[in-house]
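Report on the following structure.
The values are calculated or read from the model by the stated rules, or taken from the named source; none is laboratory data. Every value quoted in this text rests on a predicted model; they were computed, and no experiment measured them. So basically every Cβ, Gly included, is an ideal-geometry build from the backbone, and we count neighbours across all protein chains shown.
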Amino acid sequence: MTKSFWIALALLAVWLNTAAAQSLTKKAEGVFISDTEQGKIAMRPNLRLVINAASTLAGELTLKAGGNDCSYSYRKLLKTPTKVEAGEYAEVIKVEIEQQKDMIILSLRTPASAPWSGTNNSGRLIIEITIPDNCPVQINTSYFNITAVGPFAEFTVPESLSKVQVEKVVGDVEVKVSNRPLIIKDVTGRVTATNKYDKLRLENIDTGESLATIRNEHGEISIDGFRGELDARTSYDNIIGQNLFLHGSKNRLKNISALISLSFDSLTTGKIRVNNQYEHINIEIEESVDAEFICKVGEDATVSADHMDIVPVLVDESRLEFISGEGTAEIRLTARGSGNITIKRPIRSNVAGGQ
């Protein structure tokens, strides 16, 4: 037999092995999906997990605690007109795992110049990961939607352009997102959360003695169930907070041109500053609160606190200062422009998180 025959046979064997390794099913017209692949590595409790993804790779990442090791399963979703090209895309998407001295590193790789770059096609990865309870986690991805349910000892996403939702962290949480929703639930620890142009939601947060720093440019901040110190600022969208238990001297909520609405279930100590440049401030609070209120509004705006038993300190056209109860907390409310300040009895009586 000729030499060229053996070369052709070898190339055929390589092609058959590649096809077997990347078995693809047509999911829809122009969309193919690979079979599920799996892997795992031993992981002791409290070991850090770091997930790194190439900037040319997007997908869905689901992370949960409760495992005995670090295990993962994934499928590759390829958008391209032909199955042959889908196989080429699948070949360049790699999932690799390694253990270093103090961490597990899971790498989601594609070439810097992926074959779908600059086209209407795409290569995506759908991956599910399970780790032991109470491990710190850092996820360095730009284009993966992240859903993570602990308990984790720490959770960090330095920067993402996709949706992030994390639940059940006993430790620090630091997440920065742009243009997609950011949802943080059931955290005991310091929280630093940043978003732009989409919603930012907190539920059942206890920062202890730490300050939560919340920023959302051109996006709504909503909070349901918060205990600790809070610094929350947005612009051109609402700040809505209920079931708030604030203490400490660094509480500040600031907006430029949309409503600030806050409902306090308890307020006996600490200082709160609420500032709105051009819109209203609504405060829901029990009449028995122990606080000194210092309220300032523009010339054509009003301040009302009809349900409270108050001792006036200063009353004029644009300023009202009064004391309720023992006056041990201090609340400064400033609404500029045509924004009114309204203080009223809470509508809601439930307490988030069973507190």
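Select the strands (runs of 3 or more DSSP E) contained entirely in the range 18-68, then report the ones holding at least 1 residues which are touching a residue at least 60 places away in the same chain (Cβ under 8 Å) and in contact with a helix residue (DSSP H, G or I) (Cβ under 8 Å, 6 or more places away or on another chain).
24-28
When you look at SER73, is it surrounded by fewer than 18 Cβ atoms within 10 Å (Cβ to Cβ) and either modelled with pLDDT of 95 or more or at positive phi (or both), yes or no?
On the way: surrounded by fewer than 18 Cβ atoms within 10 Å (Cβ to Cβ): yes; either modelled with pLDDT of 95 or more or at positive phi (or both): yes.
Criteria met by SER73.
Restricting the search to the range 98-108, which residues are touching a strand residue (DSSP E or B) at 6+ places or on another chain (Cβ under 8 Å) and surrounded by fewer than 18 Cβ atoms within 10 Å (Cβ to Cβ)? Break it down stepwise before answering.
Initial filter on the range 98-108 (touching a strand residue (DSSP E or B) at 6+ places or on another chain (Cβ under 8 Å)): 98-99, 102-108.
Result: GLU98, GLN99, ASP102, MET103, ILE105, SER107.
Matching residues to (1) at pLDDT below 95; (2) more than 19 Å from GLY123 (Cβ to Cβ); (3) in the same structural domain as VAL137 (by TED's automatic domain parsing):
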| residue | (1), (2), (3) |
| --- | --- |
| SER4 | yes, yes, no |
| ALA8 | yes, yes, no |
| THR18 | yes, no, no |
| SER34 | no, no, yes |
| LEU49 | no, yes, yes |
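Restrict the check to the range 299-317 and report whether at least one residue is on the phi < 0 side of the Ramachandran plot and in contact with a Pro (Cβ under 6 Å, 6 or more places away or on another chain).
Taking every residue of the range 299-317 in turn, none turns out to be on the phi < 0 side of the Ramachandran plot and in contact with a Pro (Cβ under 6 Å, 6 or more places away or on another chain).
For (1) surrounded by fewer than 22 Cβ atoms within 10 Å (Cβ to Cβ); (2) over 29 Å from ARG48 (Cα atoms), each residue gets a yes or a no:
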{"site": "SER178", "(1), (2)": "yes, no"}
{"site": "LEU182", "(1), (2)": "no, no"}
{"site": "VAL187", "(1), (2)": "no, no"}
{"site": "THR192", "(1), (2)": "yes, no"}
{"site": "LEU211", "(1), (2)": "yes, no"}
{"site": "SER222", "(1), (2)": "yes, yes"}
{"site": "ILE239", "(1), (2)": "no, yes"}
{"site": "GLN242", "(1), (2)": "yes, yes"}
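Just checking, how many residues over the range 309-333 are crowded, with 19+ Cβ neighbours inside 10 Å and in a loop (DSSP other than H, G, I, E, B)?
Number of matching residues: 1.
If you go through the range 19-34, how many residues are surrounded by fewer than 12 Cβ atoms within 10 Å (Cβ to Cβ) and either within 26 Å of GLN99 (Cβ to Cβ) or among the acidic types (Asp, Glu) (or both)?
Number satisfying all stated conditions: 1.
Looking at (1) within 14 Å of the chain's Cα centre (by Cα); (2) surrounded by fewer than 19 Cβ atoms within 10 Å (Cβ to Cβ); (3) in contact (Cβ under 8 Å) with a residue 24 or more places away in the chain, find the lone condition where ASP198 falls short.
(3)
When you look at ALA65, is it at pLDDT 95 or above, surrounded by 14 or more Cβ atoms within 10 Å (Cβ to Cβ), among the hydrophobic types (A, V, I, L, M, F, W, C) and more than 14 Å from THR141 (Cβ to Cβ), yes or no?
Yes.
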